[in-house]
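**Q** Pasting a structure here, questions to come.
The values are calculated or read from the model by the stated rules, or taken from the named source; none is laboratory data. Quick caveat, the model's predicted, so the values are computed rather than measured. Here the Cβ positions follow ideal geometry from the backbone for every residue, glycine too, while neighbour counts run over all protein chains shown.
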């Protein structure tokens with residue numbers, strides 16, 4: 001026995017720690033980690049964009065939509081309702097080639113308003129949409 005305590009007599013307590021089950025559990029955990037770590041570190045390879053602002057080339061036929069903080073939509077700087085947006089989007093979608101829509105949304109606007117605009121454009125077949133953002137600030 002480890003520690004050389006001699007044989008245990010009947011009725012005495014065993015003061016030694018039995019390390020065999022502990023070692024067995026540690027070996028099982030080590031094997032599990034060795035097997036699962038390579039699987040967990042593999043990921044889908046995606047080329048993420050670098051943070052830079054590409055200048056937009058605005059054509060005269062492009063449509064500028066703006067959404068302010070309150071959710072008001074503007075078509076080329078003129079206020080418009082979602083119902084009128086649907087009518088005008090349907091008219092513009094008939095043109096060949098279809099114009100591109102540039103959406104400028106206030107950074108504080110609720111996503112619901114922007115989603116409503118996108119849904120209206122999509123339902124009326126105006127599918128070329130770009131989001132306009134401010135260039136990153138130089139620090």
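**Q** Show the residue pairs meeting these rules: Cβ distance below 9 Å; 6+ apart or different chains; first residue within the stretch 5-17 and surrounded by 10 or more Cβ atoms within 10 Å (Cβ to Cβ); second residue modelled with pLDDT of 75 or more.
**A** Pairs found: 5/14; 5/15; 5/16; 8/14.
**Q** Within the stretch 90-108, can you find the residues that are buried (at least 17 other Cβ atoms within 10 Å of the Cβ) and either touching a helix residue (DSSP H, G or I) at 6+ places or on another chain (Cβ under 8 Å) or farther than 20 Å from residue 58 by Cβ (or both)?
**A** Correct list: 101, 103, 105.
**Q** How many residues does the stretch 91-137 hold that are out of contact with any strand residue (DSSP E or B) (no Cβ under 8 Å at 6 or more places or on another chain), under 19 Å from residue 77 (Cα atoms) and part of a helix (DSSP H, G or I)?
**A** Residues flagged as out of contact with any strand residue (DSSP E or B) (no Cβ under 8 Å at 6 or more places or on another chain), under 19 Å from residue 77 (Cα atoms) and part of a helix (DSSP H, G or I) within the stretch 91-137 amount to 3.
**Q** If you check 76, 84, 112, which single one turns out to be exposed (fewer than 15 other Cβ atoms within 10 Å of the Cβ) and at positive phi? Break it down into steps so the answer makes sense when it comes.
**A** Working: 84 fails: at positive phi; 112 fails: at positive phi.
Answer to the check: 76.
Results for (1) part of a loop (DSSP other than H, G, I, E, B); (2) touching a strand residue (DSSP E or B) at 6+ places or on another chain (Cβ under 9 Å); (3) modelled with pLDDT under 70; (4) within 30 Å of residue 106 (Cα to Cα), shown as yes or no for each residue.
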{"residue": "2", "(1), (2), (3), (4)": "yes, no, yes, no"}
{"residue": "10", "(1), (2), (3), (4)": "yes, no, no, no"}
{"residue": "14", "(1), (2), (3), (4)": "yes, no, no, no"}
{"residue": "26", "(1), (2), (3), (4)": "no, no, no, no"}
{"residue": "36", "(1), (2), (3), (4)": "no, no, no, no"}
{"residue": "44", "(1), (2), (3), (4)": "yes, no, yes, no"}
{"residue": "47", "(1), (2), (3), (4)": "yes, no, yes, yes"}
{"residue": "50", "(1), (2), (3), (4)": "yes, no, yes, yes"}
{"residue": "55", "(1), (2), (3), (4)": "yes, no, yes, yes"}
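**Q** Search the stretch 77-89 for residues being in contact with a helix residue (DSSP H, G or I) (Cβ under 8 Å, 6 or more places away or on another chain) and assigned to a helix (DSSP H, G or I), and hand back the single one that is farthest from residue 61 (Cα to Cα).
**A** Looking at the filtered set, the residue picked out is 82.
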